Amino acid sequence: AETKTVTPNSSEEELVVQYVVVRRDLIDTWPLGNDPATLSYCSPFLDSMHKVTLEVKGEIQIVNLSEKLKSNGILHKLWIEQPENIPTCLAIKAYPKSMVSPFFRKLKLCK
């Protein structure tokens with residue numbers, strides 16, 4: 001079942017989406033977290049959860065994106081890998097797509 005919401009100013013249903021952004025510079029050297037237990041845990045929900053995984057070039061870009069989201073009131077989590085204290089990934093709360101897509105429009109899909 002597709003998760004949809006009704007926007008206050010429209011009678012049409014709108015897709016709700018979650019964006020996840022990862023650092024391109026870490027993808028080739030760090031694992032992407034394809035742990036069998038994690039995949040098993042998520043599998044019942046994957047078809048009904050609309051997620052878009054994007055990438056940024058590196059640390060400066062992911063930190064700048066986090067600051068931009070914060071200043072616009074978009075709830076999100078910037079993961080900081082410990083003990084290295086390195087920002088590695090960012091995920092927003094699920095929002096109506098039209099509300100958040102402008103913040104991610106210029107980013108490339110993560111491949």
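Coordinate-derived values only; no laboratory data. Everything quoted here is computed from the prediction, not taken from an experiment. Cβ sites come from the backbone with ideal geometry, for glycine too, and all protein chains shown count toward neighbours.
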Practice item. Convert each backbone phi in the stretch 85-97 into a coupling constant with the Karplus relation 6.51 cos²θ - 1.76 cosθ + 1.60 (shift: θ = phi - 60°), then list the ³J(HN,Hα) values in order as whole Hz, x for Gly and Pro. Key: 6, 10, x, 10, 7, 9, 9, 9, 5, 5, 9, x, 4
Review point. Which value, in Å³ per residue, describes the convex hull spanned by the Cα atoms of the stretch 59-111?
Key: 98
Review point. Sorted by mean Cβ packing within 10 Å, highest first, what order do the peptides 52-62, 69-79 take?
Key: 52-62, 69-79
Review point. Full extension from ARG105 to LYS57: what is 0.36 nm times the residue separation minus their Cα-Cα distance, to one decimal in nm?
Key: 15.8 nm
**Study point:** Estimated vicinal HN-Hα couplings, Hz - the stretch 63-73 in sequence order (Karplus 6.51, -1.76, 1.60; Gly, Pro = x)
**Key:** 5, 4, 4, 4, 5, 5, 4, 4, 5, 9, x
